[in-house]
Every structure is written in C-alpha cells, then in structure tokens.
Amino acid sequence: MDGSLSSKSLIPFILLPNPLFKNDASFGFDAPPSSTDSDRFNAMEKPKYSLDFEKPIHELQAQLANLQRMSEESDLDVTDEVKAIKVKIEETRKRIHAGLTPWQKIQLARHPQRPYSLDYIDAIFEDFQELHGDRRYMDDQAIIGGPAFLNGDPVMIVAQQKGRSTKENLARNFGCPNPEGYRKALRLMEMAQKFGMPIICLIDTPGAYPGIGAEERHVAEAIAVNIREMSALTVPIIATIIGEGGSGGALGIAVADRILILDNAYYSVISPEGCAAILWKDRVHAPRAADALKITSDKLVELGVVDEIVPEPLGGAHIDAALAAENLKTALEVNLAALKKKSTKALLDGRYAKFRAMGQFAEA
Amino acid sequence: MAIFRRPQYSTVRVKKKDIPAGLWTKCPESSEIVYNKELEENWMVVPKSGYHFQLKARRRMELLLDDGSFEEHDESLSSVDPLEFVDNKPYHARIEAAQQKTGENDALVSGVGTLDGMPVSLAVMDFSFNGGSMGSVVGEKITRAIERATASNMPVIVVCASGGARMQEGILSLMQMAKTSAALARHSAAGLPYISVLTNPTMAGVMASFASLGDVIIAEPKALIGFAGPRVIKETTQQDLPAGFQTSEFLLKRGLIDQIVPRLEMKARLATLLKAFMRSKS
C-alpha cells in the first residue's frame with residue numbers, strides 16, 4: 001500500500017522534520033576574541049557553526065581578530081586598519097545578504113543561534129506565566145504558552161519552542177509538537193477567549209512530529225480542531241512566523257487575523273527536503289525545491305498568505321537579537337492596536353474572509 | 001521528395017476508461033481473480049474477499065444519491081499555476097494529463113442531491129486525479145459545498161480519498177485546510193450535521209483538516225488513514241510500525257473514527273444517521 005502511494009508525485013504525505021540540530025549552544029563565532037581562550041588566537045580558526053555563503057565575512061572576522069591580537073602583543077597602533085576591516089565586514093554582509101537565495105534564507109531561519117520564542121517572549125513581554133499541560137495526557141514542551149503583558153496589557157502567548165542545547169532539544173523534540181501541544185494550545189486560547197485576552201502566536205517548527213504515538217493519539221485531529229476553532233475565537237489573534245513555518249504543524253496555531261513573518265523565516269506546505277525527495281527522488285535537491293515552492297517572506301506576501309514582513313537585522317535575527325525583538329514588538333503593537341478597535345463581528349467576518357479568499361483557480 | 005512528406009494522420013482523442021488493462025483483476029488480499037465487469041458492477045468491491053478498490057467520484061455519487069437526483073455544481077473550476085511551479089514536468093502539463101486520464105477537471109466532484117429523499121450537499125474526492133491531492137480547486141469546491149449546505153439548511157457529506165495537500169500549489173494548498181475548516185465551523189454553528197467518510201487513503205493535510213472534523217467520522221474497511229506517511233514515520237523514529245498501523249480498524253480501536261462501514265452498506269447507514277440528526281430540523 002505504501003509503495004502504491006509513494007509513486008504519486010504530487011502528494012506531500014508528510015511534514016518532514018528538517019535536519020535536526022544536534023549542535024550545542026556554544027557557537028559564538030561573533031563573540032569578541034577572548035584573551036583567556038588560546039584557541040581564539042588561531043587566525044585560521046573556523047567558527048563552530050557557519051554558513052557557506054557567509055564565508056567571506058568569517059574570513060574578514062578572522063583577519064580582524066588576528067589584527068587585534070597583533071596590536072595587543074606588539075603595542076602597534078592598528079586603529080585605522082581595524083576600522084577599515086570593520087567597514088569591509090559590514091559592506092560584505094550587506095552585499096551577501098542583499099541577494100540571498102531562498103535556500104540561503106532557510107539556512108538563516110534554521111540557524112541554531114537564531115532567537116527562539118522564549119527569547120522574544122523575554123524581550124517583548126512582561127511577567128510571562130507559563131502554563132503547562134493539555135489536561136488529557138501530558139505537557140508537550142514543543143509548544144509553550146501562558147498569559148503575559150504587552151506594555152501592561154494582558155495577552156495570551158502560544159508559541160513553538162526549539163531547544164538550544166542537545167538536552168533541551170530532546171525535551172522539546174526539536175520543536176516538533178505532538179498532539180498534546182496542539183491541545184494545550186487550544187486550552188490556552190479558549191482561556192484567552194474567556195478572559196477577553198488577545199492571542200499572540202509565535203510559529204517556529206519544522207513540522208508536527210511524525211511519530212507512532214502522535215498517530216495513535218491523532219495529531220491530525222488535534223491540528224484540524226485547532227484550525228476550525230481558531231477561525232471562530234472571539235478575541236484578536238496575531239500569528240508570527242519567527243523561523244520555520246513547517247506545514248500543518250505550523251498552521252495548527254496560525255489561523256489569525258493578522259499573519260506576520262520575519263524577513264528570513266519561511267512558511268511551506270512541505271519541507272524543501274521532503275519535496276525534493278518526492279519530486280527528484282533525492283533530498284540533495286532541497287535548494288531547488290526551496291525555490292520552486294515560493295516559501296520566502298516576499299513570495300508569501302505576493303501570494304496573499306502573509307500580511308506583513310517584520311525586518312531583521314542585517315545578517316539575520318541572530319546577529320542582533322535585541323533589535324529583532326524590538327522590530328517584532330513594534331509590529332505586534334501596531335497590529336494589535338488596529339485589531340482592538342474592531343467589533344467582534346467585524347473581527348470574525350474579517351478573519352473568515354481572509355482565509356476564504358486564499359487560493360487561485362480558473363472558473364468558466 | 002514525396003517520400004519525406006508528412007503523413008496525413010488525423011489525431012483523435014480517446015478518453016481512456018480508468019479500468020485496469022485487461023479483463024481480469026487480481027484481488028491483492030485474497031489473490032482471487034475477478035472479472036472486471038463484475039468488479040465494476042459491485043462498486044469495485046471484490047465479492048468474496050470484500051476488498052475495496054478505489055472508486056471513482058462519479059460512481060460514488062451514483063452509489064450514495066437517489067437515482068437522477070444529483071445536480072453538479074462548480075464543475076468548471078480548474079487549476080491554474082500560481083507558483084509557476086518548476087518541476088520535471090510543468091504543473092499545467094500534469095494537470096492536463098490527469099484531466100485526460102480521468103475525464104475530470106480536478107480531484108473533486110461536488111453538488112447537491114437527495115439521499116433517501118433527504119437533500120444533502122455532497123463532495124467526493126477522486127484519488128485517480130493526481131492522488132486526490134488538495135490544491136485551490138479542491139479547497140474552493142469543498143468550501144462552496146459547505147457554504148451551500150449552511151445557506152440551505154442541508155447536511156454535508158465529504159467522501160475523502162487523498163494523499164494530502166498538492167505540493168505544486170505550495171502554501172496556497174496549505175491554506176485550503178484553513179478555508180474548509182472555517183466553513184465547517186459556520187456550518188456546525190448552524191446546528192447542521194457533517195459526516196466525513198474516509199476511504200483509502202486519507203492522509204496528511206486532508207486528514208489534518210475537514211476529514212477529521214465530522215460530527216460522525218465513518219471509514220471504509222482497511223483504508224490507510226493518518227497524518228504522516230508510514231515510510232516517513234519509520235525513517236524518523238527508526239521503529240517498526242505496529243501491525244495494522246494507520247488502518248481504519250486501528251483508528252476505530254484508538255477512538256478516532258465512529259464506525260467502519262462497508263461500501264455497499266454506506267448509503268443506508270448515512271440515511272439512518274441523517275434521519276436522526278435532521279428530525280428536529282424539518
């Protein structure tokens with residue numbers, strides 16, 4: 001049965017988890033050279049996590065480190081040279097990041113140093129109280145949530161959370177939720193409706209977890225129910241894709257009045273790897289699939305699926321997490337203020353009309 | 001140079017019937033050999049073993065609706081290529097090939113009719129059209145079928161047969177999950193019944209939206225039903241899958257579906273359920 005299905009090339013059966021990040025948290029290639037760390041004095045040192053297309057930047061950074069070390073050792077004044085290299089680093093970064101391919105953007109969206117939901121929650125909101133569990137089976141740590149305050153006003157946060165370390169990633173299942181994550185999310189969103197709190201969803205998942213237990217406990221049903229219920233919740237909902245928007249696993253908490261996306265984040269019906277495996281029989285064609293699927297923020301706006309792009313610092317959100325959070329905060333404030341002015345009926349009609357209009361077809 | 005003159009053939013387009021080549025079909029379960037005509041007449045169910053082959057959408061309409069009552073809607077909707085999808089074969093060529101093969105415009109037939117005298121809005125997916133994949137056309141037609149039912153106080157029945165969302169329409173396919181589910185929320189709020197019928201196979205994006213949202217969820221026997229494909233689960237978890245994993249029988253035991261109903265009993269069962277639910281409405 002499996003064989004007969006796999007031959008159908010049009011079907012994404014799956015929401016493949018992307019290559020799971022197994023690196024630990026201590027990357028820090030942008031960290032300033034530390035005089036106590038002798039390894040850092042090797043000019044040829046490679047950053048522990050680097051992106052191919054950023055190689056010219058890393059080479060310049062190594063040069064800079066080398067220069068700074070030399071000046072410390074020999075009391076030479078290299079201020080001008082340091083300045084020149086710093087300018088060059090910025091120019092190179094600008095040049096590289098102005099023309100990123102979709103696949104390169106996906107590398108940024110999956111960057112292990114990229115800010116995750118909890119980083120944004122810490123930076124944007126006050127007094128976040130995490131509430132645990134779906135009251136049916138367990139607490140799924142791939143989705144977190146609870147009340148918090150945005151500039152003093154209560155909101156309900158529902159967010160997908162990846163792990164920073166190997167240990168945390170195992171606990172959070174690399175950000176791939178099980179059914180309980182979606183059921184907890186719905187419990188919290190219904191609580192928000194009860195208390196009249198707007199809902200802020202942060203999306204960052206490779207996809208819902210393709211596991212035996214997930215199927216036994218009906219992850220498809222959990223996602224379907226969330227989608228249906230979110231379409232009718234009587235409070236404003238803003239969903240922001242902050243990193244990976246992996247298919248149904250993302251949509252399960254992404255039916256909203258306003259859908260925002262960070263510049264380098266992506267949102268797709270299937271992972272580029274999964275698409276490549278089906279269409280070209282090999283995951284190495286993922287870059288081609290990433291291009292064909294039109295999953296970058298600019299394309300998503302063109303297709304009418306996303307309302308607004310939240311700018312990222314040059315080089316990606318991980319270069320300056322505080323600035324990325326500030327940008328997101330501003331976008332949330334503006335959109336929330338607009339939604340709060342709407343009557344419940346206008347809100348619900350608007351949300352229905354928004355998704356009702358999605359899709360393109362011909363009609364004779 | 002008459003010898004090189006182009007031959008004067010005229011091309012005639014013949015609609016190929018979607019019947020396995022030859023006169024006989026082997027039952028994958030019992031290995032019994034069935035005469036194709038007999039199989040067709042028995043709605044693609046092998047008489048002795050009870051094995052259910054996939055059934056074309058139009059035949060399903062004949063099976064479930066009262067004779068001559070079916071009035072088709074939205075039949076002219078057809079797929080465009082919103083992503084200008086670059087594949088080994090252009091998307092529009094794939095669609096044309098599927099149209100030729102099936103005689104359908106896309107992977108779903110919908111309309112209204114009567115079931116045991118009761119008006120119903122019915123949408124049926126056709127797996128033979130690109131694996132029943134859901135793109136904008138399928139999503140739009142289902143949404144219209146649901147809205148039509150809400151507007152006219154009718155129950156909705158959706159018969160599912162799909163591998164999931166249609167990759168070639170990218171994110172727009174994913175959004176059909178939200179569109180159809182939102183329409184179901186409104187239909188449900190009007191106190192109207194929705195019955196979801198799952199046939200082999202019902203997977204992924206279809207299962208994670210309208211297929212799982214029936215007031216009653218009925219499955220045909222031994223259908224493959226689930227979210228992630230069995231191969232992907234095996235590769236991801238490196239575990240052996242339990243016997244009968246993701247079948248109708250497995251899901252009945254696990255509490256997702258309400259009933260397993262053989263194809264030939266489906267109409268009677270749907271009629272009884274709808275009578276129970278619609279009594280107070282009439």
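Observations, loosely collected:
- Selected residue (only one of B:S76, B:S30 is modelled with pLDDT of 90 or more and hydroxyl-bearing (S, T, Y)): B:S76
- Filter result (buried (at least 17 other Cβ atoms within 10 Å of the Cβ), outside any helix (DSSP H, G or I) and without any contact (Cβ under 8 Å) to a residue 40 or more places away in the chain) within the stretch B:230-264: B:F245, B:Q246, B:T247
- Per the conditions (1) touching a residue at least 60 places away in the same chain (Cβ under 8 Å); (2) touching a Pro at 6+ places or on another chain (Cβ under 7 Å), the sole criterion not satisfied by A:K105 is (2).
- Options B:L224, B:L198, B:L241; residue that is over 29 Å from B:T150 (Cβ atoms) and touching a strand residue (DSSP E or B) at 6+ places or on another chain (Cβ under 8 Å): B:L224
- Some residue of the stretch B:210-225 being surrounded by fewer than 24 Cβ atoms within 10 Å (Cβ to Cβ), within 9 Å of another protein chain (Cβ to nearest Cβ) and closer than 30 Å to A:E273 by Cα: yes
Residue by residue, here is whether (1) of a type outside the set (S, T, Y); (2) surrounded by fewer than 24 Cβ atoms within 10 Å (Cβ to Cβ); (3) under 17 Å from A:E229 (Cα atoms); (4) at pLDDT below 95 holds:
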| position | (1), (2), (3), (4) |
| --- | --- |
| A:R136 | yes, yes, no, no |
| A:I144 | yes, no, no, no |
| A:P147 | yes, yes, no, no |
| A:G152 | yes, yes, no, no |
| A:V158 | yes, no, yes, no |
| A:Q161 | yes, no, no, no |
| A:E190 | yes, yes, yes, no |
| A:K194 | yes, yes, yes, no |
| A:C201 | yes, no, yes, no |
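- Candidates A:G274, A:G315, filtered to the one that is buried (at least 23 other Cβ atoms within 10 Å of the Cβ) and small (G, A, S): A:G274
- Filter result for B:G255 (in contact with a strand residue (DSSP E or B) (Cβ under 8 Å, 6 or more places away or on another chain) and of a type in the set (G, A, S)): no
- Criterion violated by B:L270 - all others in (1) crowded, with 22+ Cβ neighbours inside 10 Å; (2) within 13 Å of chain A (Cβ to nearest Cβ) satisfied: (2)
- Lone qualifier among B:F245, B:F227, B:F277, B:F250 - being over 20 Å from B:R59 (Cα atoms), aromatic (F, W, Y) and more than 23 Å from the chain's Cα centre (by Cα): B:F277
- Boolean, A:A142 is of a type outside the set (S, T, N, Q) and touching a Gly at 6+ places or on another chain (Cβ under 8 Å): yes
- Top-ranked residue of the stretch A:227-245 - restricted to ones that are more than 8 Å from chain B (Cβ to nearest Cβ) and surrounded by fewer than 24 Cβ atoms within 10 Å (Cβ to Cβ), ranked as nearest to B:R186 (Cα to Cα): A:L233
Residue-by-condition table, conditions (1) among the hydrophobic types (A, V, I, L, M, F, W, C); (2) under 30 Å from A:G274 (Cα atoms):
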position: A:F53; (1), (2): yes, yes
position: A:T79; (1), (2): no, no
position: A:T101; (1), (2): no, yes
position: A:R110; (1), (2): no, yes
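- Top-ranked residue of the stretch A:290-314 - restricted to ones that are over 10 Å from A:I261 (Cα atoms) and not in a loop (DSSP other than H, G, I, E, B), ranked as nearest to the other protein chains (Cβ to nearest Cβ): A:A292
- Of all residues in the stretch A:57-98, those satisfying the criterion of being polar (S, T, N, Q) and touching a residue at least 12 places away in the same chain (Cβ under 8 Å) are A:Q61, A:Q63, A:N66, A:Q68, A:T92.
- Tally of residues being over 20 Å from A:G175 (Cβ atoms), without any contact (Cβ under 8 Å) to a residue 24 or more places away in the chain and either touching an Asp or Glu at 6+ places or on another chain (Cβ under 6 Å) or of a type in the set (V, I, T) (or both) across the stretch A:238-294: 1
The values are calculated or read from the model by the stated rules, or taken from the named source; none is laboratory data. These numbers come from a predicted model, not from an experiment. Virtual Cβ from ideal backbone geometry, glycine too; neighbours counted across all protein chains shown.
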